[in-house]
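What follows is a short report on a single structure.
The values are calculated or read from the model by the stated rules, or taken from the named source; none is laboratory data. In this text, all values refer to a predicted model and were calculated from it rather than measured experimentally. When we count neighbours, we look across all protein chains shown, and the Cβ atoms used for this are built from the backbone with ideal geometry, even at glycine.
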């Protein structure tokens, strides 16, 4: 069984990734509960740049293969904002609720629907090579949050072809369609193929 460190302390993300890699071939470790985890400053201009930086810095700290991602929301009417600033859209250490409020406020002058997509860049780094997988899911932003599953903008995001928001989907349902699930499934295949 191959041990890989997931560069995240986000419990929602840890659950999602464990579900994808839960096949007996991988043991996914997370940063949760580790003392003095270094903060990686995500100052890249793209999701991939941030994911690469996290994977490399955590590999150099813990000397174990790392998977990392950077993902976020791109809203067409806001010229793809919040983009790489999704987690800190309304300021450093912003809560999901604060970010969601700012998003709805920014969209209040735009007509519905509000086309958007969740984008994910997932990266594996083992000290020798980077493997990269990107994917997205299209949908729209709705006016009122619905659902308490998921995190971030999930309660406001209605994926195309769904009557439930990402916040109303179960983890299993979300992993069928989500940007992160699609990118990490691709990444898993790359890891299996490239590191045999």
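Would the range 105-112 turn up any residue that is touching a helix residue (DSSP H, G or I) at 6+ places or on another chain (Cβ under 7 Å) and surrounded by 22 or more Cβ atoms within 10 Å (Cβ to Cβ)? The answer is no; no qualifying residue exists.
Please enumerate the residues belonging to the range 125-139 that are assigned to a strand (DSSP E or B) and either touching a helix residue (DSSP H, G or I) at 6+ places or on another chain (Cβ under 9 Å) or surrounded by 20 or more Cβ atoms within 10 Å (Cβ to Cβ) (or both).
Residues of the range 125-139 assigned to a strand (DSSP E or B): 125, 130-139.
If the condition is that a residue be assigned to a strand (DSSP E or B) and either touching a helix residue (DSSP H, G or I) at 6+ places or on another chain (Cβ under 9 Å) or surrounded by 20 or more Cβ atoms within 10 Å (Cβ to Cβ) (or both), then 125, 130, 131, 132, 133, 134, 135, 136, 137, 139 are the ones that fit.
Scanning the range 174-184 for residues being touching a strand residue (DSSP E or B) at 6+ places or on another chain (Cβ under 8 Å) and over 17 Å from residue 11 (Cβ atoms) gives a total of 4.
Listed residues 50, 100; which is modelled with pLDDT of 95 or more, more than 14 Å from the chain's Cα centre (by Cα), surrounded by 14 or more Cβ atoms within 10 Å (Cβ to Cβ) and in a helix (DSSP H, G or I)?
Numbers: 50 fails: more than 14 Å from the chain's Cα centre (by Cα).
Result of the check over 50, 100: 100.
In the condition set (1) under 19 Å from the mean Cα position of the chain (by Cα); (2) in a loop (DSSP other than H, G, I, E, B); (3) under 18 Å from residue 186 (Cβ atoms), residue 45 is compliant with all but (3). Here the range 155-173 is the region considered, the condition is being in contact with a strand residue (DSSP E or B) (Cβ under 9 Å, 6 or more places away or on another chain) and under 30 Å from residue 2 (Cβ atoms), and the residue that is surrounded by the fewest Cβ atoms within 10 Å (Cβ to Cβ) is 169.
Against the test of being touching a residue at least 40 places away in the same chain (Cβ under 8 Å), assigned to a helix (DSSP H, G or I) and either out of contact with any helix residue (DSSP H, G or I) (no Cβ under 8 Å at 6 or more places or on another chain) or surrounded by fewer than 19 Cβ atoms within 10 Å (Cβ to Cβ) (or both), the options 85, 59 yield a single qualifying residue, 59. Of the residues making up the range 161-196, those that are outside any helix (DSSP H, G or I) and under 21 Å from residue 133 (Cβ atoms) number 4.
Regarding the range 152-160, can at least one residue be identified that is at pLDDT below 95 and part of a loop (DSSP other than H, G, I, E, B)? Checked against the condition, which is being at pLDDT below 95 and part of a loop (DSSP other than H, G, I, E, B), the range 152-160 yields at least one hit.
Inside the range 1-37, residues that are surrounded by 11 or more Cβ atoms within 10 Å (Cβ to Cβ), assigned to a loop (DSSP other than H, G, I, E, B) and touching a residue at least 12 places away in the same chain (Cβ under 8 Å) make up a count of 9.
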